[in-house]
Amino acid sequence: MSTLREEVRPVASTDAGRLAALEARARAEVAGQRGAVAWLAETAPVGDWSGLVGRRDRPVWVATLDDVVVGYLELVVHGDVAEVRQEIGRAHV
């Protein structure tokens, strides 16, 4: 019997493509929900996740199952307010 290895770690440059795909899917899924038009307009997509690697002012962590990125958590600070953005994907491990 095999067990899945779960891990949460800081984002790496090799994660950028998977994070872009997760972000695009999350934005598409929320599009039909109440308030989505305003939220999508106010919340710009990251797009190029490699630009966030190693940034202390906007840290990102990824969740993995057997080294496959299945979700992310991004901390965005606006003055005295911190916003946590997250997405958990459906892994095909």
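The values are calculated or read from the model by the stated rules, or taken from the named source; none is laboratory data. In this text, all values refer to a predicted model and were calculated from it rather than measured experimentally. Virtual Cβ from ideal backbone geometry, glycine too; neighbours counted across all protein chains shown. Ligands, DNA and RNA are excluded from the accessible area calculation, which covers all protein heavy atoms including side chains. Shrake-Rupley method; radii C 1.70, N 1.55, O 1.52, S 1.80 Å.
Observations, loosely collected:
- Among the residues listed as Glu83, Glu29, Glu87, Glu42, the single one being of a type outside the set (Gly, Ala, Ser), at pLDDT below 90 and surrounded by 14 or more Cβ atoms within 10 Å (Cβ to Cβ): Glu87
- Criterion violated by Glu6 - all others in (1) in contact with a strand residue (DSSP E or B) (Cβ under 7 Å, 6 or more places away or on another chain); (2) free of Cβ contacts under 8 Å to residues at least 40 places away in the same chain; (3) exposed (fewer than 11 other Cβ atoms within 10 Å of the Cβ) satisfied: (2)
- Residues in segment 60-74 that are under 11 Å from the mean Cα position of the chain (by Cα) and either more than 19 Å from Ala26 (Cα to Cα) or open to solvent by 50 Å² or more (accessible area, probe 1.4 Å) (or both): Trp61, Leu73.
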